[in-house]
Structure formats: structure tokens, C-alpha cells
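Notes to accompany the following structure.
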Amino acid sequence: MGPQSAVAAPGRGALVEGIRDRLRGVHERIEASGGNPETVQVIGVTKGHGPEVCEAALAAGLPALAESYAQELAGKAGQPSLARVRWHFVGGLQTRKVKRLAGTVELWQSVDRPRLVEEVSRWAPGARVLVQVALAEEHGKAGCPFPAVAALVGEARANGLDVAGLMGVGPTEGGPEAARPGFRRLAGTARELGLGTVSMGMSADLSVAVAEGATLVRVGTALFGPRPARAAVRAWGQ
């Protein structure tokens with residue numbers, strides 16, 4: 001049995017309705033920030049939550065979900081009830097885990113180095129990817145440096161990958177406004193390279209991201225509540 005989600009409610013219907021209400025709230029935030037809820041795609045980040053939350057998210061109108069851990073994504077994707085989910089991978093990806101996820105991931109959002117380009121093109125030829133760009137100099141934050149983005153995009157294309165756009169993660173400290181300069185630069189770089197997808201913004205800073213040109217936002221807490229403890233996630237993933 002998986003870990004209990006923080007948004008679990010008595011009965012599946014209540015869980016679905018709760019997520020649907022939260023999704024409406026996210027759409028309202030997008031609109032208030034100058035975005036169009038019909039064109040800014042919301043990806044539900046379900047890492048740490050069990051399959052029942054993923055099923056409810058699907059029923060609530062979120063066909064695309066994202067995970068950050070290869071083992072957890074593989075376990076959820078193997079559930080028959082989640083066969084219709086379009087999975088995104090958004091976390092730091094070890095090259096040795098690519099083979100396991102090939103054929104499951106629809107959009108690889110965290111391609112940030114040549115070695116990863118090689119592995120994705122080897123095990124998932126023609127895959128749709130985003131190049132992850134480093135927006136903040138923080139320990140543990142992955143991403144390709146801005147000066148190397150064009151070269152990495154070119155290398156990914158040369159390896160037959162479909163580079164849809166760029167992805168970035170805002171800084172942890174400083175509040176939403178601290179993310180604005182990086183988001184603005186990311187959107188500008190995507191335009192310069194002729195890339196249409198700009199994946200930036202999460203629950204805390206999505207309003208700033210949308211105002212700066214996000215076309216895709218990755219939302220977890222605002223839809224599903226706080227994640228369970230990491231120890232519980234590991235237990236579920238096993």
C-alpha cells in the first residue's frame with residue numbers, strides 16, 4: 001500500500017473534486033497573471049503521492065503528470081489504471097536510469113548535459129525533450145549554463161531528439177520575485193532559439209512565471225497538498 005496523500009479524502013469522489021477545485025484555482029492564478037488557462041499547460045507533479053492521487057488527478061482533468069524519481073515513475077506507470085497518463089520527467093536524471101524510463105516518458109524536461117542527450121537518444125530515439133537551464137547558482141540545482149544552451153540544443157537535435165523548448169527551476173530563497181530575472185531570461189532565450197515551450201514556475205512562483213512567458217507550469221503542492229515524507233516515498237517506490 002502506498003503512502004497516504006495529504007489531500008486524501010473520504011471516498012474517491014471527494015478526492016477528485018478537491019483536485020478539480022484546486023485546478024480551477026490554479027487557472028484563476030494564471031489568468032490573473034495575464035496568461036490564458038487554455039494555452040498555459042498545467043502539469044500535475046505527483047511525486048510522493050500514491051497511485052490513488054494520480055488516478056484522481058486524471059479524473060479531475062489532468063492528463064499529464066510529472067515525476068522526479070525514476071523508480072517512482074516506473075512503479076506508477078505500471079498501474080493499469082494509469083495507462084492513459086502522459087508522463088513527464090522533471091527531476092535530475094541519472095544516465096543509467098534512462099533505459100528504464102524509455103517508452104514511458106512523453107516529455108523529458110530535465111535534459112541538461114551532452115551525456116544525457118546521448119543516453120536519451122540511444123534508448124528513446126526521437127524523444128521530445130526540454131533543455132533544462134540553470135537559473136540559480138544553488139547547491140543541488142541542475143541545469144545547463146545559459147552560455148551553453150544553444151550548443152546543447154544543437155547537439156540534441158543532431159542526435160535526432162525533438163527539442164520542444166527550455167525548462168528552468170527558480171531559486172529556493174527570496175520568494176517569487178527572486179525568480180523573475182531568471183524566468184525572463186529563460187523565456188527570452190527560448191524566443192531567440194525559436195523554441196515554443198517554456199516550462200517554468202511551480203506552486204509558489206507560477207504567477208511570476210506566467211507573467212514572464214511560461215507556456216507550461218509544474219504544480220504539485222497547490223493541487224495535491226504537501227508531499228509525504230521522503231522515507232514513505234522510498235517505501236512506496238520499492
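The values are calculated or read from the model by the stated rules, or taken from the named source; none is laboratory data. Note that the structure is a prediction, hence the values are computed from the model and not measured. Here Cβ is always computed from backbone atoms with ideal geometry, including for glycine, and neighbour counts include all displayed protein chains.
Below are the figures for this structure:
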read-out	value
Leading residue by the ranking (nearest to L107 (Cα to Cα)) among those in segment 138-186 that are acidic (D, E) and at pLDDT 95 or above	D162
Enumeration of residues in segment 53-65 that are over 15 Å from E106 (Cβ atoms), surrounded by 17 or more Cβ atoms within 10 Å (Cβ to Cβ) and of a type outside the set (A, V, I, L, M)	E55
Cβ pairs under 7 Å, 6+ apart, first in segment 185-201 and under 14 Å from A148 (Cα atoms), second part of a loop (DSSP other than H, G, I, E, B)	L186/L135; L186/M200
Within segment 1-111, strands (runs of 3 or more DSSP E) holding 2 or more residues that are in contact (Cβ under 8 Å) with a residue 40 or more places away in the chain	41-45, 64-67, 105-111
Residue in segment 135-144 that is assigned to a helix (DSSP H, G or I) and of a type outside the set (S, T, Y) present	no
Given (1) in contact with an Asp or Glu (Cβ under 9 Å, 6 or more places away or on another chain); (2) modelled with pLDDT of 95 or more; (3) over 24 Å from V208 (Cβ atoms); (4) not basic (K, R), number of the condition H88 does not satisfy	(3)
Residues of segment 133-168 that turn out to be among the charged types (D, E, K, R) and within 22 Å of P181 (Cα to Cα), as a count	3
Residues located in segment 157-172, provided they are over 18 Å from R218 (Cα atoms) and in a loop (DSSP other than H, G, I, E, B)	N159, G160, L161
Looking only at segment 78-108, and only at residues there that are more than 26 Å from V198 (Cβ to Cβ) and of a type in the set (A, V, I, L, M), the one that is surrounded by the fewest Cβ atoms within 10 Å (Cβ to Cβ)	A83
Members of segment 200-218 found to be of a type in the set (S, T, N, Q) and either in a loop (DSSP other than H, G, I, E, B) or within 20 Å of S68 (Cα to Cα) (or both), listed by number	S203, T215
Flag if A124 is free of Cβ contacts under 8 Å to residues at least 40 places away in the same chain, within 23 Å of V210 (Cα to Cα) and either surrounded by 15 or more Cβ atoms within 10 Å (Cβ to Cβ) or in contact with a strand residue (DSSP E or B) (Cβ under 9 Å, 6 or more places away or on another chain) (or both)	no
Residue tally, condition of a type in the set (D, E, K, R) and either at pLDDT below 95 or part of a loop (DSSP other than H, G, I, E, B) (or both), over segment 112-134	2
Subset of segment 26-62 (residues that are within 16 Å of the chain's Cα centre (by Cα) and among the hydrophobic types (A, V, I, L, M, F, W, C))	V26, V40, V42, I43, V45, C54, A57, L58, L62
Any hit, segment 47-69, residues being modelled with pLDDT under 95 and within 22 Å of G196 (Cβ to Cβ)	yes
Whichever residue in segment 198-234 is among the hydrophobic types (A, V, I, L, M, F, W, C) and at pLDDT below 95 and, among such residues, is surrounded by the fewest Cβ atoms within 10 Å (Cβ to Cβ)	A231
Conditions (1) surrounded by fewer than 21 Cβ atoms within 10 Å (Cβ to Cβ); (2) modelled with pLDDT of 95 or more; number of the one not met by G35	(1)
